[in-house]
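These notes concern the structure reproduced below.
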Amino acid sequence: KYAYGNTETLDLWQAWEDVSGLPVAEMMASWTEQMGFPLLKVVKEEWHDDKVVMELEQSWFLADGSEIPEEGKSKLWTIPILSCTPAGTQEDMVLMREKTASITIPLKSKSDWVKLNAGQEVPMRVQYSEEMLGRLAKAIEAKELKSPSDRVGLIMDAYALVKANQIMSPESLIKLLSGYKQEDDCVVWQGLADVLGGLESVLSENEKIATNFYSFAKALVLPLVGKVGWEAKQDDAHLTSILRGIM
C-alpha cells in the first residue's frame, strides 16, 4: 500500500489494525504518547471451582515510590491482559481501557494458580494479593510455572514493588523467593542474583538480620551447587558455564 511512498507512525499502527482486527492504533497511542508505564494491581479475587473473578486497577508506576502527582492520576493505558494457569496460557485476551476492570479466568480446580502478564509481554508491574503470591510460590517450587520469562518476571516485579516505598512488604518477597529453591535456569538466576544482591546491601548493616539472610540465601543456592558444581567440566553447555558464574 505504501510502497515507494512516505508514511507516518500512525500508518503502521493502522496497517497492523487492519490485518489483526485489534484496536492497535488506540493501544499504541496510550503507550507511546505518554510517559511511564502502569502498575496493575489485583484489588480483589473470588475463587470458584471452575474460574476466578478478579478486580483489577491500573495506576502510574513510580519506581522510587514517590506520590503520583495530581496530573498523573488520570493516566490510563490500554493494557492487554494475558494470563496463564496450570492449563497453559489462556487464548482469550482482554483489553483493559479503564481505571478498573473485572476479568474472569477459567480454572480446572479451585486450588489453581494464575499468573498475569503471561510471558512478560507487556511493560508493566503486577501487584498480586497474598493469596495469589502464595499459590505462585508453590507453582514455582513444583516447577508448574514452565516459562523462565514468567518466573523471572514474577520475582523482578515483586522486588521492584518492595523498593517502591514498600508497595509490597519485604516479608512477601522472602516468601516468594523461598519457592525458587529448585531453580536451575540461567536467566531466572540472573534475576535472583540481582534481588539477593540488592537485599544484601540493605540487610548487611544489621548483624542478626544479615546472618539470617545469609542462611536463607545459602538454602537457595545449595541445590544449584549439587546440579552444576563449582568446577568447570569439559562437556559444560554455554549456559551452564554462565549459570556457574552467577552462582
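The values are calculated or read from the model by the stated rules, or taken from the named source; none is laboratory data. As the structure is a prediction and not an experimental result, all values here were calculated from the model. Because the Cβ atoms are built from the backbone with ideal geometry, glycine has one as well, and the counts that use them run over all protein chains shown. Just the protein is used for accessible areas: all its heavy atoms, side chains included, with ligands, DNA and RNA removed. Shrake-Rupley method; radii C 1.70, N 1.55, O 1.52, S 1.80 Å.
Considering each residue of region 33-41 in turn, at least one proves to be open to solvent by 70 Å² or more (accessible area, probe 1.4 Å) and touching a residue at least 24 places away in the same chain (Cβ under 8 Å). Kindly check whether there is at least one residue in region 67-74 that is open to solvent by 60 Å² or more (accessible area, probe 1.4 Å), out of contact with any Asp or Glu (no Cβ under 9 Å at 6 or more places or on another chain), hydroxyl-bearing (Ser, Thr, Tyr) and under 25 Å from Val152 (Cα atoms). For region 67-74, residues open to solvent by 60 Å² or more (accessible area, probe 1.4 Å), out of contact with any Asp or Glu (no Cβ under 9 Å at 6 or more places or on another chain), hydroxyl-bearing (Ser, Thr, Tyr) and under 25 Å from Val152 (Cα atoms): absent.
For region 39-63, how many residues are outside any strand (DSSP E or B) and either within 18 Å of the chain's Cα centre (by Cα) or basic (Lys, Arg) (or both)? Reasoning before the result, please.
Of region 39-63, the ones outside any strand (DSSP E or B) are 48-50, 61-63.
Filter once more, so that each one left must be either within 18 Å of the chain's Cα centre (by Cα) or basic (Lys, Arg) (or both): 61-63.
Number satisfying all stated conditions: 3.
Would it be correct to say that Met27 is assigned to a helix (DSSP H, G or I), within 23 Å of Gln127 (Cα to Cα) and modelled with pLDDT under 95? Here the answer is yes, as Met27 does meet what is asked.
Any residue at all in region 148-161 that's open to solvent by 40 Å² or more (accessible area, probe 1.4 Å) and modelled with pLDDT under 95?
Initial filter on region 148-161 (open to solvent by 40 Å² or more (accessible area, probe 1.4 Å)): 148-149, 156.
Filter once more, keeping what is modelled with pLDDT under 95: none.
Within region 148-161, not a single residue is open to solvent by 40 Å² or more (accessible area, probe 1.4 Å) and modelled with pLDDT under 95.
When Met93 is tested against (1) among the hydrophobic types (A, V, I, L, M, F, W, C); (2) without any contact (Cβ under 8 Å) to a residue 60 or more places away in the chain; (3) surrounded by 14 or more Cβ atoms within 10 Å (Cβ to Cβ), exactly one condition is not met: (3). Out of the residues in region 45-64 that are out of contact with any Leu (no Cβ under 9 Å at 6 or more places or on another chain) and either open to solvent by 80 Å² or more (accessible area, probe 1.4 Å) or modelled with pLDDT under 95 (or both), state the one that is farthest from Lys99 (Cα to Cα). For region 45-64, the residue satisfying everything is Asp64. A search for C-beta distances below 6 Å between a residue of region 213-224 that is among the aromatic types (Phe, Trp, Tyr) and at pLDDT 90 or above and any residue that is surrounded by 12 or more Cβ atoms within 10 Å (Cβ to Cβ) and assigned to a helix (DSSP H, G or I), counting only pairs 6+ apart in sequence or on different chains, returns Phe213/Leu203.
Listed here are the residues, each with its yes/no results for (1) within 25 Å of Glu130 (Cα to Cα); (2) without any contact (Cβ under 8 Å) to a residue 24 or more places away in the chain.
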| site | (1), (2) |
| --- | --- |
| Ser178 | yes, no |
| Lys181 | yes, no |
| Cys186 | no, no |
| Leu192 | yes, no |
| Ser201 | no, yes |
| Lys227 | no, no |
| Ala232 | no, yes |
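Residue-level check: of (1) open to solvent by 30 Å² or more (accessible area, probe 1.4 Å); (2) modelled with pLDDT of 90 or more; (3) touching a Ser or Thr at 6+ places or on another chain (Cβ under 7 Å), Thr78 misses just (1). Applying the set (1) at pLDDT below 95; (2) under 14 Å from Val53 (Cα atoms) to Asp112 leaves exactly one unmet item: (1). When residues in region 107-143 are screened for being of a type outside the set (Lys, Arg), surrounded by fewer than 16 Cβ atoms within 10 Å (Cβ to Cβ) and touching a residue at least 12 places away in the same chain (Cβ under 8 Å), 9 of them pass.
Any residue at all in region 105-127 that's over 21 Å from Glu144 (Cβ atoms), of a type in the set (Ser, Thr, Tyr) and more than 16 Å from the chain's Cα centre (by Cα)? No, there is no match, as no residue in region 105-127 is over 21 Å from Glu144 (Cβ atoms), of a type in the set (Ser, Thr, Tyr) and more than 16 Å from the chain's Cα centre (by Cα). Among the candidates Leu116, Leu107, the residue that is among the hydrophobic types (A, V, I, L, M, F, W, C) and over 14 Å from Leu154 (Cβ atoms) is uniquely Leu107. Taking the conditions (1) in contact with a helix residue (DSSP H, G or I) (Cβ under 7 Å, 6 or more places away or on another chain); (2) under 30 Å from Gln14 (Cβ atoms) in turn, Ser59 satisfies each one other than (1).
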